[in-house]
Amino acid sequence: MEDNIKSVAISSFEETKIDDGFFILTYKNDKNVAQSVAKEIDSKFIQFHFCVKGATKFVFNQGRYTIEIQEENSLLLYNPQRELPINLQVEPNSWIVSVLISIKQFHGLFSQEADYISFLNEDNKDKKYYKDGVISPSMAIVLNQLISYSLNLSIKQLYFKGKGYELLSLYFNRSEDANIEQCPFLVDEANVIKIRKAKDIVVARMAEPPSLQELADEIGLNIKKLKEGFKQIYGDSVFSFLFDYKMEVARKLLEAGDDNVNEVGHKVGYSTSSHFIAAFKKKYGTTPKKYVMSLN
């Protein structure tokens, strides 16, 4: 294993090398008991961890300190002063994607164009950096593609390389990276809880979602705060988020093969197959039928 990354635990990640100093690790715990996964990581690596499903706990200092990441959340870790080995307790039915990139490789991606990324500037380059965040819908699609890919192994590295760079660009393009002073809405924890409730509502009723006014009334916010808050937390409007979510659900249903195109369309809220086909093609650039054929 290159760049001082090696497996040290009972369970192990599925690991893909993207470039020198750039790796993607995935782990799916589809069992009914928690699993421990560990890796020794050189201090020159920046770590991005994404909890795609379920929950994962990071264990530090022989269990004296832990950080938990819930579903749809991420954690960035970087400390050039000491090594930060990955020691995870992955809860039952949980999926994790980790991106490891050396600081040298990372600087090369952004050059002088990324002054807005605080830990890249001269003052902070030798300081430790920790940041948690929310996974946006566009990031969620890429993460699910990484953890559930069904391509020929001969092109896996090429596929992961494209998705790895796409994921990093989406991560640093999120609106939630703005200063908290520029996002006073996010200071109000009660409103954040309401916005997350709004997300849960539209996901649960994706086939027949409420109108914006109905949604705002149900969570107890006015439409303006609903729209602004949803954009800040999830990086997209309510219905753009819902569209991405519906298309991802549709893609998974098509892959499962238990429903035909019409049935999948109905399940995600399209009354006619033509509307569903048009929406799917807008999202993925191909029709549902051709997508299913490509899986075979």
Specify the residue that is surrounded by the most Cβ atoms within 10 Å (Cβ to Cβ); the eligible residues are those in region 10-29 that are more than 18 Å from the chain's Cα centre (by Cα) and assigned to a loop (DSSP other than H, G, I, E, B).
Gly21
Taking region 201-227 as the search range and keeping residues that are closer than 28 Å to His275 by Cα and among the charged types (D, E, K, R), which one is modelled with the lowest pLDDT?
Lys227
Residue check, Lys225 touching a residue at least 40 places away in the same chain (Cβ under 8 Å), buried (at least 16 other Cβ atoms within 10 Å of the Cβ) and under 21 Å from Leu143 (Cβ atoms):
no
Among the residues of region 240-274 satisfying the criterion of being of a type in the set (Gly, Ala, Ser) and either assigned by TED's automatic domain parsing to the domain that holds Leu146 or under 21 Å from Ser138 (Cβ atoms) (or both), which is modelled with the lowest pLDDT?
Ser240
Among residues belonging to region 231-284 that are more than 25 Å from the chain's Cα centre (by Cα) and of a type in the set (Asp, Glu), point out the one that is surrounded by the fewest Cβ atoms within 10 Å (Cβ to Cβ).
Asp258
What pairs can you find where one residue is in region 200-219 and buried (at least 17 other Cβ atoms within 10 Å of the Cβ), the other is acidic (Asp, Glu), and their Cβ atoms are less than 7 Å apart, with a gap of 6+ or different chains?
Ile201/Glu218
In region 30-49, how many are assigned to a loop (DSSP other than H, G, I, E, B) and under 30 Å from Gln81 (Cβ atoms)?
4
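The values are calculated or read from the model by the stated rules, or taken from the named source; none is laboratory data. Note that the structure is a prediction, hence the values are computed from the model and not measured. Don't worry about glycine lacking a Cβ; one is built from the backbone with ideal geometry, like all the others, and counts go over all protein chains shown.
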